[in-house]
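All remarks here apply to the structure that follows.
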Amino acid sequence: MTTDSAFLACAVTAAAVLIPGPWLIRTLRLRLTERIDSASPELNQMHSSKAGTPTMGGLLILSGYSAGLLVLPPAFTGSLLPLLLSIPLLFAVIGAADDLIKSRTRRRGLSASKKLLLQLLVAVPAGFLLARNRLYNLPPDAAVQHAAQLSISLDAIWCAAILIATCNSVNLTDGLDGLAAGTVALISSGMATIIIWTNGFTAPGMAAAVLAVATASFLLFNRHPARIFMGDTGALATGAALATAALAAAQELLLPACGLILVLETMSVIAQVLWFRRTGRRLLLCSPLHNHFVFQKIPEPQIVRWFWLGSAAAVGLTAIGSALLQS
């Protein structure tokens, strides 16, 4: 694949986000808006001005991401294209169901158990297909094939766990204007650079690249004060796209390295729950981590900038480390 095809894919991605963006915002404002109703009354009061903002903006990210991949030469994307497209789409459907329930009823979306069950129903078969793809060129020897089946089964569990963990970590990070979109844009751009630098213009590398362009373009509408939220539709879809690209490239260690902020956000929630159960006190003023700073009355744009800088630093250090390992 030539660099011209790569630039075309990125240009189409940006256009597929930016051009329909204003229309989708107007449409969703009439039909689907955010209802501020978290488990924290204090947080609800702090975010009360966000009520009525259109949600489910992840549709824009998904359209840009899909359009960018579809214009790539079919011979280049090969058998990976259905996986790169369908896995984020299926997770987006789960997120859309959650967004619809929150917007149109008094419930806070899908229950945690139902959401996890739906994620497992998508992640397990997706993990198996990714695992098969990672081990596709095996010799026909029967003993090797038998060992490969066991390896694929274990790898499928690993891939499914990575998919679910990444999706939920992005979802936890999506709490302030532009925070999740900007963080994912930085992580995916770093992943794209490292994968393309290491392996050349591969389909997973380009998937990460178009995801970076899609989320960065979405920031035009999502930066503070946000005109539209990505919702669970976008958070689960972008998390799935990140994980799928990394797993397809067999570079899943890039996820916690480039995505240090996602790890910290997730660990803050786990630590908060465990500490409260043990002591009856809160470790943070409010979790995830970004809400701790919100409770300290730090301006939202400043918090977002801090987290973006943290993501940029993690991406930069990961790129340097990757370069040193390659040299």
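General observations
- Selection of region 20-38 for residues being free of Cβ contacts under 8 Å to residues at least 24 places away in the same chain and either within 25 Å of VAL269 (Cα to Cα) or surrounded by 14 or more Cβ atoms within 10 Å (Cβ to Cβ) (or both) yields only ILE36.
- In this structure, ARG26 does not qualify as among the basic types (Lys, Arg) and either under 25 Å from CYS10 (Cα atoms) or at pLDDT below 90 (or both).
- At least 2 residues being surrounded by fewer than 24 Cβ atoms within 10 Å (Cβ to Cβ) and β-branched (Val, Ile, Thr) is the threshold, and among the helices (runs of 4 or more DSSP H) wholly inside region 167-253 those reaching it are 179-199.
- LEU289 being under 30 Å from PHE128 (Cβ atoms) and buried (at least 21 other Cβ atoms within 10 Å of the Cβ): no
- Checked against (1) closer than 25 Å to PHE128 by Cα; (2) in contact with a Gly (Cβ under 6 Å, 6 or more places away or on another chain), PHE221 meets all criteria but (1).
- Selection within region 89-128 - within 23 Å of SER151 (Cβ to Cβ) and surrounded by fewer than 20 Cβ atoms within 10 Å (Cβ to Cβ): LEU120, VAL124, PRO125, PHE128
- Remark: pairs (first residue in region 104-129, assigned to a helix (DSSP H, G or I); second residue surrounded by fewer than 19 Cβ atoms within 10 Å (Cβ to Cβ); Cβ separation under 7 Å; 6+ apart in sequence or on different chains) = GLY127/ILE157.
- Sole exception among (1) in a helix (DSSP H, G or I); (2) more than 22 Å from the chain's Cα centre (by Cα); (3) under 18 Å from LEU176 (Cα atoms) for ALA39, by number: (1)
- Qualifying residues in region 59-88 (those that are among the hydroxyl-bearing types (Ser, Thr, Tyr) and modelled with pLDDT under 95) - the one surrounded by the most Cβ atoms within 10 Å (Cβ to Cβ): THR77
- Taking the numbered list (1) under 16 Å from ALA243 (Cα atoms); (2) modelled with pLDDT of 95 or more in turn, ILE195 passes all entries but (2).
The values are calculated or read from the model by the stated rules, or taken from the named source; none is laboratory data. Bear in mind that the values here come from a model prediction, so they are computed numbers and not experimental data. Heads up, the Cβs are rebuilt from the backbone with ideal geometry, glycines too, and the neighbour counts pull from every protein chain shown.
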